[in-house]
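Undergrad: Okay, handing you the structure first.
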Amino acid sequence: MKEEVLINKANRLINTGCVILVTSKYLDKTNIITLAWQTPLSHDPMLIGVSIAKTHFSNELITKSKEFVVNVPGASLVDKVHTCGTVSGREVDKFSLSEFNVQDSNKISTPGIKECIGNLECQLEEIVSVGDHDLFIGKVLYAQAQNDLFDGECWKLSPEAELIYHLGSNMYLISNKLYKA
Ligand SMILES: Cc1cc2nc3c(=O)[nH]c(=O)nc-3n(C[C@H](O)[C@H](O)[C@H](O)COP(=O)(O)O)c2cc1C
């Protein structure tokens, strides 16, 4: 037996790519947004896509600055991840609120988050309007990961390298079970 799922909840069935924190900066405004809707799009060039609601402050900042940083939070940051996804940078400074430290980027002027275990610096290639969101397609100009947690191929089996998955509302999944096929 299967039961119909409301269309406006259908994304919850596949909504389990790891949660990321995207940082943006335009002039003197720096912001952090929590995103579950992210996807790699191309190997060469390395392109990734992040889908951000048209009303969000981050959408405005990235549209203007044409760059952003994808920050990968480890499991220990889950409460801060939730906070950055429930308040808008229009009202609060989320770096102060979450007590995240700014980390200078290597190739772009938007900073990353020091406490995250990986950072991908992206230059905006294209914005595709998709319903009430915009898909920001970014070209990765520089990427780095904590060297004891990423072996050059994939994340290692370590409690610190556990990633965060979002099930919906305030429910998260944190798992670290490796299976070699
Ligand atoms: C776990 C989680 C995942 C989220 N994923 C997305 C997403 O993929 N796209 C989006 O537009 N908003 C997403 N949100 C909502 C934004 O993070 C939230 O509305 C945020 O406050 C917007 O911040 P801003 O106005 O400072 O840009 C998510 C929130 C949470 C808690």
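The values are calculated or read from the model by the stated rules, or taken from the named source; none is laboratory data. All values derive from a computational prediction rather than experimental measurement. We place every Cβ from the backbone using ideal geometry, glycine too, and count neighbours over all the protein chains shown. Keep in mind that these areas ignore ligands, DNA and RNA; they rest on the heavy atoms of the full protein, side chains included. Shrake-Rupley method; radii C 1.70, N 1.55, O 1.52, S 1.80 Å.
Undergrad: Among the candidates Pro40, Pro45, which residue alone is exposed (fewer than 14 other Cβ atoms within 10 Å of the Cβ) and either part of a strand (DSSP E or B) or touching a Leu at 6+ places or on another chain (Cβ under 8 Å) (or both)?
TA: That would be Pro40, the only listed residue that is exposed (fewer than 14 other Cβ atoms within 10 Å of the Cβ) and either part of a strand (DSSP E or B) or touching a Leu at 6+ places or on another chain (Cβ under 8 Å) (or both).
Undergrad: Go through the stretch 61-78 and report how many residues are more than 23 Å from Asp104 (Cβ to Cβ) and either in a loop (DSSP other than H, G, I, E, B) or within 11 Å of the ligand (Cβ to nearest atom) (or both).
TA: 1
Undergrad: While we're looking at this one, here's another question. Which one of these does Lys177 not meet: (1) within 16 Å of the ligand (Cβ to nearest atom); (2) open to solvent by 70 Å² or more (accessible area, probe 1.4 Å)?
TA: The one condition Lys177 does not meet is (1).
Undergrad: Still on this structure: From the residues in the stretch 85-103 that are more than 11 Å from the ligand (Cβ to nearest atom) and either over 17 Å from the mean Cα position of the chain (by Cα) or of a type in the set (S, T, N, Q) (or both), which one is most open to solvent (accessible area, probe 1.4 Å)?
TA: So the residue we want is Glu99.
Undergrad: Going residue by residue through the stretch 112-123, is there one that turns out to be farther than 15 Å from Asn71 by Cα and touching a residue at least 12 places away in the same chain (Cβ under 8 Å)?
TA: No, the stretch 112-123 contains no residue that is farther than 15 Å from Asn71 by Cα and touching a residue at least 12 places away in the same chain (Cβ under 8 Å).
Undergrad: From the set of residues in the stretch 150-165 that are surrounded by 18 or more Cβ atoms within 10 Å (Cβ to Cβ) and in contact with a strand residue (DSSP E or B) (Cβ under 6 Å, 6 or more places away or on another chain), which is nearest to Ile14 (Cα to Cα)?
TA: Ile164
Undergrad: Out of Ser76, Ser58, Ser24, Ser51, report the one residue that is of a type in the set (S, T, N, Q) and over 12 Å from the mean Cα position of the chain (by Cα).
TA: Only one candidate qualifies: Ser76.
Undergrad: Out of the residues in the stretch 48-60 meeting the condition of being outside any strand (DSSP E or B) and hydroxyl-bearing (Ser, Thr, Tyr), tell me which one is surrounded by the most Cβ atoms within 10 Å (Cβ to Cβ).
TA: Checking each candidate, the answer is Ser58.
Undergrad: Could you list all residues from the stretch 29-51 that are under 15 Å from Gly112 (Cα atoms) and more than 9 Å from the ligand (Cβ to nearest atom)?
TA: Lys29, Thr30
Undergrad: Now a separate question. Give the residue that is surrounded by the fewest Cβ atoms within 10 Å (Cβ to Cβ), with candidates limited to residues of the stretch 3-31 that are touching a residue at least 60 places away in the same chain (Cβ under 8 Å) and more than 13 Å from Val50 (Cβ to Cβ).
TA: Selected residue: Lys9.
Undergrad: Which numbered condition in (1) open to solvent by less than 40 Å² (accessible area, probe 1.4 Å); (2) among the aliphatic types (A, V, I, L, M); (3) assigned to a strand (DSSP E or B) is the only one that Ile108 fails?
TA: (3)
Undergrad: I'd like to verify a number: residues in the stretch 98-109 that are in contact with a strand residue (DSSP E or B) (Cβ under 9 Å, 6 or more places away or on another chain) and farther than 23 Å from Val140 by Cα, how many?
TA: The qualifying residues number 1.
Undergrad: While we're here: Quick check, is Gly168 of a type outside the set (D, E, K, R) and crowded, with 21+ Cβ neighbours inside 10 Å?
TA: So Gly168 fails the test.
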